[in-house]
Every structure is written in structure tokens, then in C-alpha cells.
1. So which residues in segment 94-114 are open to solvent by less than 70 Å² (accessible area, probe 1.4 Å) and part of a loop (DSSP other than H, G, I, E, B)?
2. Pull up segment 174-206, narrow it to residues that are assigned to a strand (DSSP E or B), under 15 Å from VAL106 (Cβ atoms) and open to solvent by less than 50 Å² (accessible area, probe 1.4 Å), then point me to the one that is modelled with the lowest pLDDT.
3. Report, ordered by the first and then the second residue, all pairs with beta carbons closer than 7 Å, sequence separation of six or more or different chains, a first member in segment 32-52 that is touching a residue at least 12 places away in the same chain (Cβ under 8 Å) and more than 17 Å from GLN83 (Cα to Cα), and a second member that is among the basic types (Lys, Arg) and not in a helix (DSSP H, G or I).
4. Among what's in segment 27-82 and is out of contact with any Phe, Trp or Tyr (no Cβ under 7 Å at 6 or more places or on another chain) and of a type in the set (Lys, Arg), pick the residue that is farthest from GLY193 (Cα to Cα).
5. Could you go through segment 6-21 and let me know if any residue there is open to solvent by 60 Å² or more (accessible area, probe 1.4 Å), in contact with a Gly (Cβ under 8 Å, 6 or more places away or on another chain) and either closer than 30 Å to ASN179 by Cα or modelled with pLDDT under 80 (or both).
Amino acid sequence: MKNRFSYARFSTLIFWVCLTPLGHGQTSPSPQVQLSAANQQAKARYDSDLKLCADEPSSTARLQCRRDAKTEYDRALAAAKEQQAVAARQQQALAACTDCGKVTSVTVTEREGEGSAVGMVAGGVAGALLGQQIGGGFGRDLATVAGAVGGAYAGKEIEKKVKTQKVWTVMVQHRDNSNASYEFKEDPGLAVGETVRKSGSSIVRF
């Protein structure tokens, strides 16, 4: 058959498009609506392929073409029905999930690390050594002290910059309409509109 498209793949595509998370406050079509849409799309494709079959050069080829089209159409209907059952089970599980919620925002920021005594000491030593190279006598002593103080501050600030890391903050509205934020040191791979559930002090995709 010319330009034949696998009905199983086609109905699967329709199914997952229907399950794609929508904006917050919206809901996905019911499993029954998803099934109806997949069946209608499969039927439209089947009718289109039957028209293509009419262009086959021989009666034998046309017959085989129609058989192939019907086989794929039946597979599409069976796949859509199975996927509808999966979607129904997912909705039932979601309804029973009391600690689930929807992602309302995902932001990425850079957060400075904390400076430690190690950075201050290292910076202070370097500053003191630099101060000793200036002037002499009492002036050198003052320069040494100033260098140590300035070096300690600089060392602390440098250490904070070195320890800067990205932080992913995910805002979630839970089923009781409460809002909470969860932080991750690595990309959690979550998007606005996705359903998540609590897992300890964090969240995971539902």
C-alpha cells in the first residue's frame, strides 16, 4: 500500500498527545474521550488507505492492500483500547493519591557556597606575606596586619565563588491547595503541569 502508516504507532501517538500535561488548573481528556479520538483518527486513516488501495494496478494487489489496511486498522483499535485501560488505571491511581500535586513553576538559580575558615586562613597568610613587602618598621607591621585582614576577606569571598552551584527550585500546588517548594542540586527533569507526589522530604514524578 502506498504511503502506509502503522496504525499501532498512529493510535499510540494520539494517546500520548491526549496525555500530555496541560497548564495548571486544566485537566486531560477522560480515557473515554481519548479512546473515541483515537478510534476516529484510525478510521479516517483507514478510509484514506482504502482510497489509495484503489490505485493499485491489479485486482490482486488491491485485495491484498485492503486486507493489510483492515489488519492495521484492527490493530489500531486494539492498541487504543489497551491504552484507554492504562489511562483509566492511571486516573484511578491519581484519584487515590492524597499526597500528589501539580508543578506550577521550575526555576534555576546560582547560589554561592559558604566560605570556610580554610579560605580565610589561606587568604590571610597570602595577604600578610604581601604586606611584609611594603615599607619598613612600624609601617611594615601595619601593612602586614592590613594585608592579613584583607586577604582573609578576599579568601573567603573567592572560596564562596568557587563553591557556587546551580539550584533547581520546583513549586508545587498540592491537592489541599497548599503550596510548597522543593530544591534540587541536579535537574529533576520536571515541567510545569506535571503530576508529582511526595517522597520523604522531596518529590518524584507520579
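1. Selection gives CYS97, ASP99, GLY113.
2. Once the filter is applied, the top-ranked residue is THR195.
3. Qualifying pairs under 7 Å: ASP49/ARG4; LEU52/LYS2.
4. Per the criteria, the residue is ARG62.
5. yes
The values are calculated or read from the model by the stated rules, or taken from the named source; none is laboratory data. Note that the coordinates shown come from a computational prediction; the quantities given were computed from them, not determined experimentally. Using ideal geometry, Cβ is built from the backbone for each residue, glycine included, and neighbour counts are taken over all protein chains shown. With ligands, DNA and RNA removed, areas are computed over all heavy atoms of the protein, side chains included. Shrake-Rupley method; radii C 1.70, N 1.55, O 1.52, S 1.80 Å.
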